[in-house]
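The values are calculated or read from the model by the stated rules, or taken from the named source; none is laboratory data. Bear in mind that the values here come from a model prediction, so they are computed numbers and not experimental data. With ideal geometry, Cβ positions are generated from the backbone for all residues, glycine too; neighbour counts draw on all protein chains shown. Ligands, DNA and RNA are excluded from the accessible area calculation, which covers all protein heavy atoms including side chains. Shrake-Rupley method; radii C 1.70, N 1.55, O 1.52, S 1.80 Å.
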Amino acid sequence: MKNSLCLIIFLFVFYPAFTQEEDKVFSILFYNVENLFDIQNDSLTLDDEFTPRGDRHWNLKKLDTKLNRISKAVLSAAGWNTPSIIAMVEVENRYVLEQLIKQTPIGSFPYKIIHKESPDTRGIDVALLYNSNEFYPLEYQYIPLTEDNGEMMSTREILYVSGVLGGKDTIYLFANHWPSRYSGILETKELRNRAARLLRSKVDLIFSERPKAKVIIVGDFNDEPGNESMVRYLAAQSLEDEIFPDCLYNLSEAWKPGTGTLKYQGTWYTFDQIIVSGALLFAKTGLYVEPDDASICNLPFLLEKDNTYGGMKPSRTYNGMKYNGGFSDHLPVLIKIN
């Protein structure tokens, strides 16, 4: 009787902790933070406008506001659980990342940095923050886009990171910021197709060694889910297709029509997307996701009234050259991992 009573007390006290860990939901956030620059002029990049004497009169007060805005968005995106991994683009350097994890409320959590200076002409990079209590990186690599002759292109690299999430399972993560449409959609299409082919080759290499690898691809692709780069060259399929472990499936393709992650001249676009391998979609063991576990973080404070085209739009740092004090021209996207 005494032993039974002790067992009941033990289960009452400790079982909730066991089940809580077993039911833990992890998450990965992707966020284009729109021009997170320091205030110093870098003579090697085109960052002059983001300096105190530049066209935008960028200063410490504006930088501090920007950092705290990003912190608020990040810490609110996943509800009660802060993201295990935060992939960020349009980051100038490691300094601004260190300020983010030291001088804002994000500093309350044990985030560490993965970063490398990119060959981008404006000096903006792809970076990763990870909660060291929840994610253990095994390896990482920055993969440059190259010309046919092997020469490195002056654009952002693709960040590849593999690691153990939650002490349970290995994930293979790619963070992207593909070439923009600034010079025209048709004029720049081949650059994004090239990025898609490069990414696909790296994913296929993983699949050749681990056919059931749990791959997660996030990024600002500057293309939509139905564009040629995503469908033909990356081969990110619809969830309506048959699911195979070593195929890619675009969870963003099913997001509600009329929504998106950025708004241009009254139209929403879904450039920020989440793609996973079939092995992660219907895993029998370890980590898994379901189709509706990927979402756009359209929290009310990230939006403002669109006085020109109607409805709402992302609250960005600048509207044109006028300082607005907002967050970003992109909304974050989030994937929850069970």
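What to note about this one:
- Among the candidates G278, G320, the residue that is exposed (fewer than 13 other Cβ atoms within 10 Å of the Cβ) and either out of contact with any Gly (no Cβ under 8 Å at 6 or more places or on another chain) or aromatic (F, W, Y) (or both) is uniquely G320.
- Within the range 34-78, considering residues that are in a loop (DSSP other than H, G, I, E, B) and of a type in the set (F, W, Y), the one nearest to the chain's Cα centre (by Cα): F37
- The residues in the range 117-128 that are in contact with a strand residue (DSSP E or B) (Cβ under 6 Å, 6 or more places away or on another chain) and over 12 Å from V91 (Cα atoms) can be counted, and the count is 1.
- Annotation for the range 162-180: no member residue is of a type in the set (D, E) and farther than 23 Å from V215 by Cβ.
- One residue stands out among those in the range 232-267 that are part of a loop (DSSP other than H, G, I, E, B) and aliphatic (A, V, I, L, M): the one that is farthest from V215 (Cα to Cα), which is L239.
- Selection from the range 325-338 of residues that are assigned to a loop (DSSP other than H, G, I, E, B) and either over 22 Å from D55 (Cβ atoms) or within 20 Å of the chain's Cα centre (by Cα) (or both): G326, F327, S328, D329, H330, L331, P332, N338
- For the range 288-324, the set of residues classified as under 22 Å from the mean Cα position of the chain (by Cα) and assigned to a loop (DSSP other than H, G, I, E, B) consists of Y288, V289, E290, C297, N298, L299, S315, R316, T317, listed by residue number.
- For the range 181-220, a residue qualifies if it is more than 20 Å from V231 (Cβ to Cβ), open to solvent by less than 80 Å² (accessible area, probe 1.4 Å) and assigned to a helix (DSSP H, G or I), and exactly one does: I206.
- Subset of the range 168-180 [in a loop (DSSP other than H, G, I, E, B) and out of contact with any Ser or Thr (no Cβ under 6 Å at 6 or more places or on another chain)]: K168, W178, S180
- Sole residue being within 18 Å of V333 (Cβ to Cβ), of a type in the set (A, V, I, L, M) and out of contact with any strand residue (DSSP E or B) (no Cβ under 6 Å at 6 or more places or on another chain), chosen from A283, A254, A175: A254
- Taken over the range 99-139, the residue count meeting the criterion of being among the aliphatic types (A, V, I, L, M) and in a loop (DSSP other than H, G, I, E, B) is 1.
- Restricting the range 35-53 to residues that are over 16 Å from E98 (Cβ atoms) and open to solvent by less than 10 Å² (accessible area, probe 1.4 Å) leaves a set whose member that is modelled with the highest pLDDT is F50.
- So S118, is it open to solvent by less than 30 Å² (accessible area, probe 1.4 Å) and at negative phi: yes
- Subset of the range 221-231 (residues that are open to solvent by less than 40 Å² (accessible area, probe 1.4 Å) and part of a loop (DSSP other than H, G, I, E, B)): F221, N222, D223, P225
- Residue match in the range 139-149 (condition: open to solvent by less than 20 Å² (accessible area, probe 1.4 Å) and out of contact with any Lys or Arg (no Cβ under 8 Å at 6 or more places or on another chain)): no
- The range 291-305, residues that are within 30 Å of I243 (Cβ to Cβ) and in contact with a helix residue (DSSP H, G or I) (Cβ under 7 Å, 6 or more places away or on another chain): P291, A294, C297
- Restricting attention to the range 79-98, the residues that are crowded, with 18+ Cβ neighbours inside 10 Å and either part of a loop (DSSP other than H, G, I, E, B) or not charged (D, E, K, R) (or both) add up to 13.
- Residue match in the range 63-78 (condition: touching a Lys or Arg at 6+ places or on another chain (Cβ under 9 Å), modelled with pLDDT of 95 or more, surrounded by 16 or more Cβ atoms within 10 Å (Cβ to Cβ) and over 23 Å from F271 (Cα atoms)): no
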